[in-house]
Structure formats: C-alpha cells, structure tokens
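Worksheet: one structure, shown below.
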Amino acid sequence: MPVLGLGTWRMGETAGRQAAEVAAVREAIAMGYRLIDTAEMYGEGGAETVLGQAIAEALRAGDVRRDELFIVSKVYPHNASRRGTPEACERSLKRLGLDTIDLYLLHWRGSHPLRETVDAMQALVAKGRIARWGVSNFDTDDMEELAPLIGSGPGCAANQVYLSLGERGPEFSLLPWLRERGMPLMAYSPIDQGALASDHALGELAGRLGLTAAQLALAAVIARPGVVAIPKAVRSAHLQQNLAAADLKLDADVLAELDRLHPPPRRKAPLAMI
C-alpha cells in the first residue's frame with residue numbers, strides 16, 4: 001500500500017454533490033493517488049457509487065490501470081455474519097464496478113462472532129472477491145482475541161483506526177503490537193477532520209518549515225513506521241498539499257517539537273472512534 005491515500009467519508013450523501021465528488025476523486029487519481037478508502041456505511045453505499053464512477057471514468061480515459069489502484073472498503077458490523085459478509089461484499093463490488101476489492105475490512109466489532117466474520121473473509125479471499133481482509137477500530141485486546149481465530153487461512157492484513165497528532169492513543173500499545181507482526185495501521189482522520197489545520201502552535205512550526213499546519217500534521221502521522229494515512233479531501237489545493245506531505249522527511253528536532261506540542265500517551269486509554 002502507498003503510505004498516503006484518499007478517504008471518502010461523507011461522500012455520496014447528497015445527490016446534488018455527486019458530480020463534484022466524482023470529479024474530485026478523478027482529479028486525485030490523475031494527481032497520483034492510488035490508495036482510496038471507502039465503506040458501505042458512507043452515504044449508505046453512496047460513497048462506493050461515487051468511487052466506482054470515478055474509477056470507471058479514469059480507466060476509460062487511460063489515466064490509470066486497475067492493477068495500479070488499491071481499493072479499500074468495509075462491511076457493516078451488522079452484516080458481518082458468515083452469510084451476510086459475502087452478500088454485503090457483492091453489493092459493494094457492484095457499486096464499485098469492480099471484480100475484486102483489494103482490502104475488505106470489518107468496520108468495527110458488532111454482535112456477530114468474530115469466528116464467523118473471519119471464516120467469511122477467508123472464503124472471499126479464496127473466491128477472489130477480495131484480495132485481502134482486515135479490521136477497523138480494533139484495539140490491542142481485540143487483535144489478541146482475533147489472532148487465534150485466523151488458523152492457516154489468509155491473515156488479517158491491516159487495522160484501520162483513528163490516529164492523529166491530537167489522538168495518539170494507539171501509539172501506546174496497539175501500534176507496537178501491529179509493528180511486531182508486520183501489520184500496517186491505517187490512520188483515519190489524521191488531521192482531526194481538519195481541526196489541526198487551524199492549530200496555532202502547529203501552524204507556527206509548519207510556517208518555519210514552509211508547510212501548512214495540515215501538511216505537518218499529516219507528515220507526522222506518516223513518519224511513524226508502519227502507518228498509512230487516508231485523509232479525506234475534495235479541494236484541489238488540499239489534494240495537492242496532502243500528496244506532497246507524503247514525501248516530507250521530518251528531522252529529530254521537528255519530531256521532538258511535535259511531541260512537546262502534542263505529547264505521546266503515557267498510559268493506555270480506550271481506543272477513540274469517530
């Protein structure tokens with residue numbers, strides 16, 4: 001996976017915005033975005049429809065090949081049963097206009113036993129409907145409960161959680177746990193839904209580096225080994241700035257100053273969710 005992708009949360013919720021949202025995703029692909037994250041929950045399938053249309057247009061125009069894209073979607077917890085998971089996956093595939101989803105995640109834990117979800121995910125990999133499966137909003141104890149259920153089948157490929165300078169909780173135990181197992185952490189809301197863009201102290205530090213506060217916040221997340229970030233953006237300037245942040249290298253002094261402004265966790269805290 002690329003270390004930076006595009007999120008689509010809040011897309012597909014209003015028909016009147018669909019054309020502009022499709023255009024934004026098309027522009028992102030043209031810029032070089034290759035990892036795009038969505039979910040059946042976003043706009044109740046609307047975001048998948050937006051993404052599917054954008055991908056179809058980009059493929060027809062020759063802007064990208066399908067094998068260059070890494071598409072992530074997620075199943076609702078209430079659909080994540082042995083039978084419901086493949087049914088939800090087929091609906092997502094239809095909206096996306098794809099034969100295969102590159103990474104399919106359980107959006108968060110629900111009432112269905114994890115064993116059923118794991119079995120369904122592994123069956124989808126075997127059938128070629130998804131290339132990999134993973135989870136979202138799983139804390140360390142959830143991952144430890146999940147691990148023995150995997151057996152000899154394809155393992156969990158990623159865990160997507162809320163991680164940003166303003167919400168560093170996963171760094172205490174979850175991120176080290178994932179690193180030890182070579183499993184990427186996908187950080188959603190890495191700019192705190194845009195809030196860090198107006199952080200005054202962060203903005204002063206960013207200004208000295210010739211960056212925006214949002215770019216510095218995003219670069220700080222990506223600087224953590226094993227972390228992938230998927231900020232949402234629709235404006236051209238924000239798409240460009242986010243993409244540029246993926247290439248930034250922050251030195252030790254900058255990282256130390258960021259730790260002073262937004263200290264890392266000193267103790268375990270419940271996993272934050274949005």
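Assorted remarks:
- Straight Cα distances below 19 angstrom link residue 127 to the lysines 74, 94, with same-chain residues fewer than 8 positions distant left out.
- Placing R0 at 22 angstrom, the Cβ-Cβ distance between residue 181 and residue 3 gives a FRET efficiency of 0.75 after rounding to 0.05.
- Distances between placed amide hydrogens fall under 5 Å for residue 129 paired with no residue 5 or more residues away or on another chain.
- With semi-axes defined as the square roots of five times the eigenvalues of the C-alpha gyration tensor, the equivalent ellipsoid of the chain measures 29, 25, 15 Å, largest first.
- Candidate cross-link partners of residue 232 among the aspartates and glutamates, defined by an alpha-carbon separation under 12 Å and a same-chain spacing of 8 or more, comprise 21, 37, 192.
- Under the simplified labelling scheme, the residue 30-residue 60 pair shows an inter-label distance of 1.5 nm, with each label point 7 Å from Cα along Cα→Cβ.
- Close amide H pairs (under 5 Å, H built 1.01 Å from N) link residue 186 with 159, 160, 161, 228, residues at least 5 positions away or on another chain.
- Compactness of region 155-274, expressed as Rg and Dmax over alpha-carbon positions, Å: 13.8, 44
- Inter-label distance for residue 247 and residue 14, nm, one decimal - labels placed 7 Å from Cα along Cα-to-Cβ: 3.4 nm
- In the chain, the DSSP-assigned H stretches of four residues or longer account for a calculated mean residue ellipticity at 222 nm of -12000 deg cm²/dmol, using -39500 (n - 2.57) per stretch and the full residue count as denominator.
- FRET efficiency estimate (nearest 0.05) - Cβ-Cβ, residue 152 to residue 23, R0 51 angstrom: 0.70
Throughout, read-outs are computed from the coordinates displayed, never taken from laboratory work. Being a predicted model, the structure only gives us computed values, none of them experimental. Neighbour counts are summed over all protein chains in view; Cβ atoms, including those assigned to glycine, are modelled from backbone coordinates with ideal geometry.
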